[in-house]
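Comments concern the structure below.
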Amino acid sequence: MVKATFKIALFTITSPKLIKVGDSMLEIRWHSRAGQGAVTGAKGLADVVSRTGKEVQAFAFYGSAKRGAAMTAYNRVSDEPILNHEKFMNPNYVLVIDPALAFTADITANERDCTKYIVTTHLSKEELVSKIPALEGKDVYVVDCFKISLDTIGRAIPNTPMLGALMKVSGMFGIEEFQESMKSVLKKFPQKIIDANMEAIATAYNEVK
């Protein structure tokens, strides 16, 4: 998935249909580094979900404008207009697309009892949790988004595989339904790029554990 270049983005979209995704307010926090595509991933997810009639937010906060700096991106999804534009949230899902940030960032901050963590890593879930005590007893899932993106897209862009993993863990969309929607999001790109992104989504969907 092609990366966004803006520093902070915020938008809210409504479409006429509805889909049930769980809480009255679904919140997702992404942990990434600038240039890894978290903002584009959040925006792509918002685009897909908005087509179901939900109110959607996607925005990001950068600690530094430099490429490679740690940053966070956010999604909110609701049936009602979203008036809260603050970065503070109690996330239902935490998506860590840079492996090192699982060790250096406070990824469990403001968690809920039911928060689910999806972490990009080559480690097994047991190995990861043993190295990060804060994840002990949490609902943790692992998937190697970097390897998947290199194998399918040919570049280390882990946002697209993370979306596939999120679909598997959350059940928000079936894999084929989500892929069809993402094809529309990516329609301005050559078919080869679209096909590679669809393969990345499907691979992560099948491999997340």
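A compact table of results
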| quantity | calculated |
| --- | --- |
| Residue among 185, 170, 202 farthest towards the positive dipole end of segment 12-207, charges placed on Cβ | 185 |
| Charge dipole magnitude, Cβ of K and R +1, D and E -1 - segment 12-207, Cα centre, debye nearest 20 | 660 |
| Estimated FRET transfer efficiency (residue 104, residue 150; beta-carbon r; R0 22 Å; 0.05) | 0.45 |
| Principal axis dimensions, largest first and in whole angstrom, of segment 45-135 by Cα | 40, 33, 22 |
| Neighbour net charge for residue 204 - beta-carbon separation under 14 angstrom, K R +1, D E -1 | -1 |
| Farthest toward positive dipole pole in the chain [+1 Lys/Arg, -1 Asp/Glu at C-beta], among 158, 28, 130 | 158 |
| Share, in percent, of DSSP beta bridges within the chain that are antiparallel, nearest 5 | 60 |
| Rg/Rg_globular for segment 123-209, with Rg_globular taken as 2.2 N^0.38 Å and Rg from C-alpha atoms | 1.17 |
| Rounded D (µm²/s) - the chain, Kirkwood Rh over Cα pairs, Stokes-Einstein at 10 °C, 1.306 mPa s | 94 |
| Cβ-based exposure ranking for 114, 145, in which fewest neighbours within 10 Å come first | 114, 145 |
| Segment 45-128: GluC sites (Glu not before Pro) in DSSP coil with no more than 16 other Cβ atoms inside 10 Å | 86 |
| Exposure proxy ranking, count of Cβ atoms within 10 Å, fewest first, for 193, 118 | 193, 118 |
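Quick note: the coordinates plus some simple rules give every number you see, no bench work behind them. Not measured: the values here are computed from a predicted model. Note that each Cβ is placed from the backbone with ideal geometry, even for glycine, and that neighbours are counted across all protein chains shown.
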